[in-house]
1. In terms of the ratio Rg/(2.2 N^0.38 Å) built on C-alpha atoms, what value belongs to segment 12-263?
2. Please give, to one decimal in nm, the separation of the simple spin-label points placed at K218 and E180, each 7 Å out from Cα toward the Cβ.
3. What's the exposure ranking of T122, T255, going from fewest to most Cβ atoms within 10 Å?
4. Based only on other Cβ atoms within 10 Å, what is the fewest-to-most ordering of L168, L107?
5. Just rank V181, V54, fewest to most, by other beta-carbon atoms within 10 angstrom.
6. Considering only Cα-Cα distances, which of the following residue pairs are longer than 23 Å: K29/K252; K56/K106; K198/K218; K148/K198; K106/K257?
7. Can you find, among A26, P39, L75, the residue farthest towards the positive end of the dipole of the chain? Put +1 on the C-beta of Lys and Arg, -1 on that of Asp and Glu.
8. Taking K and R as +1 and D and E as -1, what net charge do the other residues with C-beta under 11 Å from the C-beta of P39 add up to?
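Just so you know, all these numbers are worked out from the coordinates, no wet-lab data involved. Because the structure is a prediction, the values reported are computed rather than measured. So basically every Cβ, Gly included, is an ideal-geometry build from the backbone, and we count neighbours across all protein chains shown.
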Amino acid sequence: MCLQGAQLTQFKHSQRGEMLWLSPDALYKKGASVRGGIPVCWPWFGALAFNPDVVKEAVQSQQAHGFARELEWNLERICESAQGVRITMTLSHNEQTLKIWPHEFKLVCQFELGDTIAIELTSQNLSPSHMAISQALHTYLPTQNIHKTRVLGAGNGQYIDALDNWQLKKQVGAIGFNQEVDRIYLGDNQYQILTPNKQFSLCSNSHSSIVWNPWINKSKRLSGFPQQGYKNMLCIESANVLSDHLKLAPGKSHTLKMQLTCSD
């Protein structure tokens, strides 16, 4: 794990092996997110320009995915048990964040690591005014062969295609990969990910999620990403984006929950 970004970069199950994909070319330097694992995207997701007006109106930055993934968090506690380990990290507003985003806040990220990966990201509004955010737990999953990987759970659901002028489309059957994919799925967030050697189950309490694979051309432009890396990864991101963004009243909080399990 990294204190910067409260980022879980790797997790190897005792029986089923790696549950997360980490780029072999990942960069480890201050202020740069690590490519792989589960980055925390907060208080906005993706390019700021594509966020709702209420989210982007107060932001004084054009960086993608917010600032939480690039700042050092505080390690509050580590609790071990027979079932695994619980890790709690926090991030609060400071002089640096207030220059970018004029809200007082506290983020609490709790990891439960054992037979599964469970994460709870709690956003607390400590400001005297409403606080609008979009967010995502940007989960990178491994696969032996992206061409033989399928994602179930979005059948007959709707999604917004970020690669086709943000058109609203309908998913028919399983999600497959034979080109670049960048989609925002709307509705309940429960997926089965079928790869050649293992099966994942990912669920969360949000009502929007992102399915992403950069494919051939974008892989050549991404930092910390091998040109052939797209063949062995995909992202399923538990999120609150677009119309599913959050608006927290003063003193209120929200917890984004996700759980990832793996089976043979």
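1. On the way: Rg = 17.7 Å, N = 252, 2.2 N^0.38 = 18.0 Å.
Working it through for segment 12-263, the quotient is 0.99.
2. 0.6
3. Values: T122 15, T255 12.
Lowest to highest Cβ neighbour count: T255, T122.
4. On the way: L168 10, L107 22.
The order, fewest Cβ neighbours first, is L168, L107.
5. Numbers: V181 23, V54 14.
Ascending Cβ contact count within 10 Å gives the list V54, V181.
6. Numbers: K29/K252 34 Å; K56/K106 19 Å; K198/K218 26 Å; K148/K198 12 Å; K106/K257 17 Å.
Going by Cα-Cα distance, K29/K252; K198/K218 fall outside the 23 Å limit.
7. Sorting the options by dipole projection puts first A26.
8. Numbers: positive: R35, R69; negative: E70, E237.
Net local charge, P39 excluded: 0.
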